[in-house]
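The values are calculated or read from the model by the stated rules, or taken from the named source; none is laboratory data. Since this is a predicted model, take the numbers as computed values, not measurements. All Cβ positions, even for glycine, are placed from backbone atoms using ideal geometry, and neighbour counts span all protein chains on display. Just so you know, the surface numbers come from the protein's heavy atoms only, side chains and all, with ligands and any DNA or RNA stripped out. Shrake-Rupley method; radii C 1.70, N 1.55, O 1.52, S 1.80 Å.
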Amino acid sequence: MYTIPLLGRGDFSEWRDAARMLAAAGISPREADWRVYGLEEELFEAVVPPPLPKGDGIAPPLTVPPGFLPLAEAVVCHTEPGRYHLLYRLLWRLQSDRRLLELAADKDVAWARLLAKNVHRDSHKMTAFVRFKEIAGVAEGRRRFFAWFEPTHFIVARTAPFFRRRFADMDWIIATPMGTASWDGESLIFDVRPAENPGHGDPTDELWRTYYSSIFNPARLKLKAMQAEMPKKYWRNLPEADLIPEMIANAEANVRAMAERAASDPPLFHYRLQDAAHAEPQLVPVSPGTIEALREEARHCTRCPLHCTATQTVFGEGPQDARVMMVGEQPGDQEDLAGRPFVGPAGKVFDAVLKEADIARDGLYLTNAVKHFKYEPRGKRRIHQKPDRGEIEHCRWWLAKEVELVKPRLIVALGATAVFALSGEQKPLSQLRGKPITMERNIVLYPTIHPSYLLRLPDEAARKRQHALFVEDMQLIKHLGETLAAQQ
């Protein structure tokens, strides 16, 4: 039996160098006894391993698949006592079975992947739960910070580069029972000796408490999920954790209080329409069975949740006897505020293309597959979000009514969403573009791009090329519309 003494503090090169020597000497996993010595012994007493047996000098070079090295680098950081023997056993077996790591059911492979997963999770928790506290002293204008963290595994050296990238402009020390990492603006230094928690707070602790209490939503509290993401072992080093027990205890009462309070004010953009909303309503007679009647009915649509955040329903517009109907995806930010389709940036591109193709906009019926604006708020901006299948299905009823009332001979589907809403076809738009499809009541469907596609192209040359192709599409649509009208 050959005994290999290791310090065992997450240093991959320590195991790698020893494993290479053992394998070169032909030492099998059964003959290797991997020992982790005490830290004080290893630091202050030289542990000399026994000499390797003399081999014949013709040991083949070690080869491993690419996935083994990152797996081994993670596993050596685990605290499992048998991790070194496991890795050497995998290394030995890989010399005869290079595809071993692909066998997820193999006991050694499954164990190694589980250990690696635990290490990755511990590293993630370190990046999430380290709390820096400022300490006295400034060197050359750089502030100094200290953090205490208690990892489960030897991940300090593995995770410290994240903090070097994130906080390169300040000096810091992260101390743990598994070692210490420090950064002085030039060098990232590791010390394997365990540190002790000084246990002092600072004024930023109260800021953490204020922040956490502000974002805590009792209505969305899921205790098991919260404890899975923020295990209790980390609570004692998180200043905001002092608030958690009370927040959990009062969650139900706070939810009831939230329900009893009056509704909050609408988003700021609603105030742009405030004057119009409070103006004296003008009663205009609406005839049943007309686009105007359908538009009035759609104003109160609640078929899907999109109506909750949108300013208003953006219905179609144009002559009820239009020969050509243009169908887009959904209203954008400016359409949502104005209540009209195709008046935003994509609408301006669309108008320019219509002009080049010699098509009068006021002779078309313009609408969208979805009548409410779907978006994600980012600061003061509202970023367009693609409607999902359910939202398209809910709005299809309105679109079908528009087609029934307008009775167009030609419908132009601007984009894949419109194609799906009108035909149920889910093929890529590149396979459908420019290929007319005959629908019910002899209506012809012509798929093409949405004008917003031109706005998303980063390359100027590509944008000009696609613009020219879109103009050609519109010219073909004009010719096709005139041909279908002549056949009536």
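A few notes on this one:
- Folded to 0 to 90 degrees: helix 156-166 orientation relative to the chain principal axis, Cα: 40 degrees
- Cα gyration tensor category, rounded, prolate or oblate, for the chain with a/c compared to 1.5: prolate
- Label separation (CYS308 vs GLU196): 5.4 nm, computed from points 7 Å beyond Cα along the C-beta direction.
- On Cα atoms only, tilt of 244-260 relative to the major axis of the chain in degrees: 10 degrees
- Sparse packing (at most 16 other Cβ atoms within 10 Å of the Cβ) combined with a DSSP loop state is found for the following trypsin sites (Lys or Arg not before Pro) in the range 141-229: LYS222.
- Once the convex hull of all Cα atoms in the range 301-389 is built, its volume per residue stands at 106 Å³.
- Heavy atoms of MET230: accessible area, 1.4 Å probe, square angstrom to 10: 20 Å²
- Annotation for the range 401-477: GluC sites (Glu not before Pro) lying in DSSP loop with at most 13 further Cβ atoms inside 10 Å of their Cβ do not exist.
- Based on the Stokes-Einstein relation at 20 °C and a viscosity of 1.002 mPa s, and on the Kirkwood radius from alpha carbon pairs, the range 311-459 is assigned a translational diffusion coefficient of 138 µm²/s.
- Exposure rank, largest accessible area first [GLU292, GLU134; 1.4 Å]: GLU292, GLU134
- Cross-linked pairs LYS407/LYS435; LYS348/LYS407; LYS224/LYS380; LYS380/LYS478; LYS224/LYS371: Cα-Cα separations exceed 32 Å for LYS224/LYS380; LYS380/LYS478; LYS224/LYS371.
- Taking the DSSP beta bridges with both ends in the chain, the antiparallel portion is around 45 percent.
- When a 1.4 Å probe is rolled over the protein heavy atoms, the share of accessible surface on the chain that falls to carbon and sulfur comes to 54 percent.
- Across the chain, C-alpha contacts under 8 Å between residues 6 or more apart give a mean separation that, scaled by the residue count, equals a relative contact order of 8 percent.
- Partners of LYS355 within straight-line reach, counting aspartates and glutamates whose Cα lies under 14 Å from its Cα and excluding those fewer than 8 residues away in the same chain: GLU472, ASP473.
- Leading residue at positive end of dipole, the chain (Cβ point charges), from TRP208, LEU90, PRO408: PRO408
- Estimated Rh, the range 105-189: Kirkwood, alpha-carbon pairs, angstrom: 14.0 Å
- A 1.4 Å probe, protein heavy atoms only, puts the accessible area of HIS394 near 80 Å².
- SER96-ALA110 pseudo-label distance in nm [points 7 Å out on the Cα-to-Cβ vector]: 2.2 nm
- Folded to 0 to 90 degrees: helix 460-486 orientation relative to the chain principal axis, Cα: 30 degrees
- Surface analysis of the chain yields an accessible area of 57 Å² per residue, using protein heavy atoms and a 1.4 Å probe.
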